[in-house]
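The values are calculated or read from the model by the stated rules, or taken from the named source; none is laboratory data. Bear in mind the structure is a predicted one, so any value in this text is a computation, not a measurement. For neighbour counting, all protein chains shown are included, and Cβ atoms are generated from backbone atoms with ideal geometry for every residue, glycine included.
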Amino acid sequence: MHYEQLLPFPDGFLWGASTSAYQVEGAWNEDGKGPSVIDTHMHRPDGVADFTVAADHYHRYAEDVALFAELGLRAYRFSIAWTRIVPDGDGEINPAGLAFYHRLIDELRAKGIEPVVTLYHFDLPAALDDRGGWSNRETIDAFARYARILFEEFGGKVRYWLTINEQNMMVLHGKAIGTTGRSGDADQRTVYQQNHHMFVAQARAMALCHELLPDAKIGPAPNIVSVYPATCAPEDVIAADDWDAIRNLMYLDVAVRGVYHPLAWAYLVERGIAPELADGDLELLSSGKPDFIAFNYYSTQTVGASRGDASDIQTRGGDQQIVRGEVGLYRAVKNEHLPTNAFGWEIDPVGFRTTMRRLWDRYWLPLIITENGLGAVDELVDGRVRDDYRIDYLRRHIEQIRLAISDGVDVFGYCPWTAIDLISTHQGISKRYGFIHVDRGETEPGSLARTRKDSFHWYQRVIACNGADLG
Ligand code: BGP
């Protein structure tokens, strides 16, 4: 629909930005932090930065928060490293880990920035992984205990909580993004059992949050794409619906409605990979209800009916945004209407609006975008990063939020990826997303100095006028 008059962004809209602990903090083994699967199993190719120092945010958080405040952020979405709080996942609590996040949250609150806290962003404690990780039901108890510790400790200061970042990417691309630890080669049956255990863990965390913190809000944070049929052939539409159910809707239906999406469940049964549900699991799933849906959006996906042979499958290497294809289910199709970024990800701002409309239509829960952004090779020249390509990307996506709001969708926040440069899941520091440049190379540590990019000044103006003028 075309509008002559668009609705404004609501007052109090949470203009924010995102990071995750393991990608930004560094200090990977300091102050009692235990190892996570990222530390033990995320092997970087030679010449690609690892996560040991990252952006050194652990030591420079005060300087960083001052920059976030100057940027005008109203929200900062970050994750807490489970292994800083409980180094072995379910044993002793580490006071130094709690102290770090108290300092960070206090600093944010002092500057009027709303903390939006992810409980778990890819970094399962290695000690739990040694005992089977998410294959082991005890990990559900460990997660619920960890969530309780965070709610009791930070509940007075944090109003917005996210359960698990991109559970669907951990399931579909866990090996590629390095989140699977020892179970990296697990068969699909095991992976979907792990998935089920994460669902139960998430539901318990949501129920606990409401019990302990009646004023707080909590939601899941999957990676959501709208799925387009390759053509209007009815078979392509069926393939698109099937893939949408398996990739996206299963994760939200379980979180919101406490049940598996029927198409997704039919797929799991047909393939012989359906998880076993223990007695009481369905009650647990429906006992945890989200207050909102957070989602990460980078692109859309286009699929066609399976041809039943290897041509269904895309050969492009491991990366969480690729459309892989699966024989007998759907075929990966390149969308000829969309440009791609330097890393092959399709760029689709209009699809962002479609995604918001569809989520609202299906769940009627307020939405917050917890990731969206452009990974690029930025260059610092004479003290300046001229990232007009990023400004263009963000502007075109923010325009679509305003359109979605005018469509009647309840969107209450936007936290692009990332607040500050950090280490990418695949391409080290060469692929940057931040508003703030960090001086470091792949293997050379650099000065770690912070520099405001052109996009920093642009986003600052956008926030200052509450999105009325996108410059
Ligand atoms: C999401 C993850 C983030 C982040 C982002 C960009 O899937 O939640 O942790 O890394 O993708 O991905 P990449 O770093 O591969 O460019």
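With the requirement that a residue be under 16 Å from the mean Cα position of the chain (by Cα), within 9 Å of the ligand (Cβ to nearest atom) and in a loop (DSSP other than H, G, I, E, B), what does the stretch 421-449 give you?
Across the stretch 421-449, the qualifying residues are Leu422, Ile423, Thr425, His426, Tyr433.
Give the stretch 450-468 a look and list any residue that's of a type outside the set (Phe, Trp, Tyr) and either assigned to a loop (DSSP other than H, G, I, E, B) or surrounded by 24 or more Cβ atoms within 10 Å (Cβ to Cβ) (or both), or say none. Please lay out each step first, then the result.
Of the residues in the stretch 450-468, the ones of a type outside the set (Phe, Trp, Tyr) are 450-455, 457, 460-468.
Selection gives Lys453, Ser455, Cys465, Asn466, Gly467, Ala468.
Given (1) under 17 Å from Thr19 (Cβ atoms); (2) among the hydrophobic types (A, V, I, L, M, F, W, C); (3) buried (at least 24 other Cβ atoms within 10 Å of the Cβ), identify the lone condition not met by Ile177.
Against the list (1) under 17 Å from Thr19 (Cβ atoms); (2) among the hydrophobic types (A, V, I, L, M, F, W, C); (3) buried (at least 24 other Cβ atoms within 10 Å of the Cβ), Ile177 comes up short only on (3).
Ala332 fails exactly one of the following numbered conditions: (1) in a helix (DSSP H, G or I); (2) hydrophobic (A, V, I, L, M, F, W, C); (3) more than 21 Å from the chain's Cα centre (by Cα). What is the number of that condition?
(1)
Could you please let me know if Asp242 is over 24 Å from Gly280 (Cβ atoms), surrounded by fewer than 24 Cβ atoms within 10 Å (Cβ to Cβ) and touching a Gly at 6+ places or on another chain (Cβ under 6 Å)? Talk me through it step by step, then tell me what you get.
Values: over 24 Å from Gly280 (Cβ atoms): yes; surrounded by fewer than 24 Cβ atoms within 10 Å (Cβ to Cβ): yes; touching a Gly at 6+ places or on another chain (Cβ under 6 Å): no.
Taking the combined requirement at face value, the residue does not satisfy it.
This table checks each residue for (1) more than 18 Å from the chain's Cα centre (by Cα); (2) under 30 Å from His102 (Cα atoms); (3) part of a helix (DSSP H, G or I).
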| residue | (1), (2), (3) |
| --- | --- |
| Thr163 | no, yes, no |
| Val171 | no, no, yes |
| Gly174 | no, no, yes |
| Val200 | yes, yes, yes |
| Arg204 | yes, yes, yes |
| Asp215 | yes, yes, no |
| Gly219 | no, yes, no |
| Cys232 | yes, no, no |
| Ile246 | no, no, yes |
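Results for (1) among the small types (Gly, Ala, Ser); (2) under 16 Å from Tyr297 (Cα atoms), shown as yes or no for each residue.
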position	(1), (2)
Leu367	no, yes
Arg395	no, yes
Asp407	no, no
Val411	no, yes
Trp417	no, yes
Leu422	no, no
Ala449	yes, no
Trp458	no, no
Gly467	yes, no
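Is it true that some residue in the stretch 116-135 is in contact with a strand residue (DSSP E or B) (Cβ under 7 Å, 6 or more places away or on another chain), of a type in the set (Ser, Thr, Tyr) and more than 20 Å from Gly178 (Cβ to Cβ)? Talk me through it step by step, then tell me what you get.
Applying the first criterion (in contact with a strand residue (DSSP E or B) (Cβ under 7 Å, 6 or more places away or on another chain)) to the stretch 116-135 yields 116-126.
This time we only want the ones that are of a type in the set (Ser, Thr, Tyr), so: 118, 120.
Add one more test, that the residue is more than 20 Å from Gly178 (Cβ to Cβ), and what stays is none.
There is no residue in the stretch 116-135 that is in contact with a strand residue (DSSP E or B) (Cβ under 7 Å, 6 or more places away or on another chain), of a type in the set (Ser, Thr, Tyr) and more than 20 Å from Gly178 (Cβ to Cβ).
Mind checking which residues of the stretch 317-356 are within 22 Å of His426 (Cβ to Cβ), away from the ligand (no atom under 16 Å from the Cβ) and touching a strand residue (DSSP E or B) at 6+ places or on another chain (Cβ under 6 Å)?
Answer for the stretch 317-356, where residues must be within 22 Å of His426 (Cβ to Cβ), away from the ligand (no atom under 16 Å from the Cβ) and touching a strand residue (DSSP E or B) at 6+ places or on another chain (Cβ under 6 Å): Gly325, Asn335, Leu338.
Residues in the stretch 380-420 that are more than 15 Å from the ligand (Cβ to nearest atom), in contact (Cβ under 8 Å) with a residue 60 or more places away in the chain, closer than 29 Å to Asp439 by Cβ and among the β-branched types (Val, Ile, Thr): how many?
Number satisfying all stated conditions: 3.
In the stretch 288-320, what count of residues is obtained for those that are surrounded by 16 or more Cβ atoms within 10 Å (Cβ to Cβ) and in a helix (DSSP H, G or I)?
Within the stretch 288-320, residues that are surrounded by 16 or more Cβ atoms within 10 Å (Cβ to Cβ) and in a helix (DSSP H, G or I) number 1.
Among the numbered conditions (1) within 16 Å of the ligand (Cβ to nearest atom); (2) more than 24 Å from the chain's Cα centre (by Cα), tell me where Val377 comes up short.
(2)
Tell me yes or no: at least one residue of the stretch 374-392 is outside any helix (DSSP H, G or I) and either modelled with pLDDT under 95 or within 15 Å of Tyr297 (Cβ to Cβ) (or both). Don't jump to the end; show me each part of the working.
Narrowing the stretch 374-392 to residues outside any helix (DSSP H, G or I): 374-387.
Of the ones still in play, those that are also either modelled with pLDDT under 95 or within 15 Å of Tyr297 (Cβ to Cβ) (or both) are 374-375.
Checked against the condition, which is being outside any helix (DSSP H, G or I) and either modelled with pLDDT under 95 or within 15 Å of Tyr297 (Cβ to Cβ) (or both), the stretch 374-392 yields at least one hit.
Can you confirm whether His437 is at pLDDT 95 or above and not aliphatic (A, V, I, L, M)? Walk me through how you get there before you give the answer.
Values: at pLDDT 95 or above: yes; not aliphatic (A, V, I, L, M): yes.
Yes.
Is at least one residue of the stretch 5-25 over 30 Å from Val350 (Cα atoms), in a loop (DSSP other than H, G, I, E, B) and not basic (Lys, Arg)?
Checking the stretch 5-25: at least one residue is over 30 Å from Val350 (Cα atoms), in a loop (DSSP other than H, G, I, E, B) and not basic (Lys, Arg).
Return the pair list, or none, for Cβ contacts closer than 7 Å from residues in the stretch 440-455 that are free of Cβ contacts under 8 Å to residues at least 60 places away in the same chain to residues that are surrounded by 17 or more Cβ atoms within 10 Å (Cβ to Cβ) and among the charged types (D, E, K, R), at least 6 apart or on different chains.
Gly446/Arg440
Identify all residues within the stretch 178-194 that are of a type outside the set (Ser, Thr, Tyr), over 14 Å from Tyr120 (Cβ atoms) and not in a loop (DSSP other than H, G, I, E, B); write none if there are none.
Arg182, Gly184, Asp185, Gln188, Arg189, Val191, Gln193
Condition first: more than 22 Å from Gln320 (Cα to Cα), buried (at least 20 other Cβ atoms within 10 Å of the Cβ) and in contact with a His (Cβ under 7 Å, 6 or more places away or on another chain). Now tell me which residues in the stretch 346-401 satisfy that.
Val385
Does the stretch 54-83 hold any residues that are assigned to a helix (DSSP H, G or I) and under 12 Å from Phe100 (Cα atoms), and which are they?
Residues of the stretch 54-83 assigned to a helix (DSSP H, G or I): 57-71, 82-83.
His57, Tyr58, His59, Arg60, Tyr61, Ala62 - these are the residues of the stretch 54-83 that are assigned to a helix (DSSP H, G or I) and under 12 Å from Phe100 (Cα atoms).
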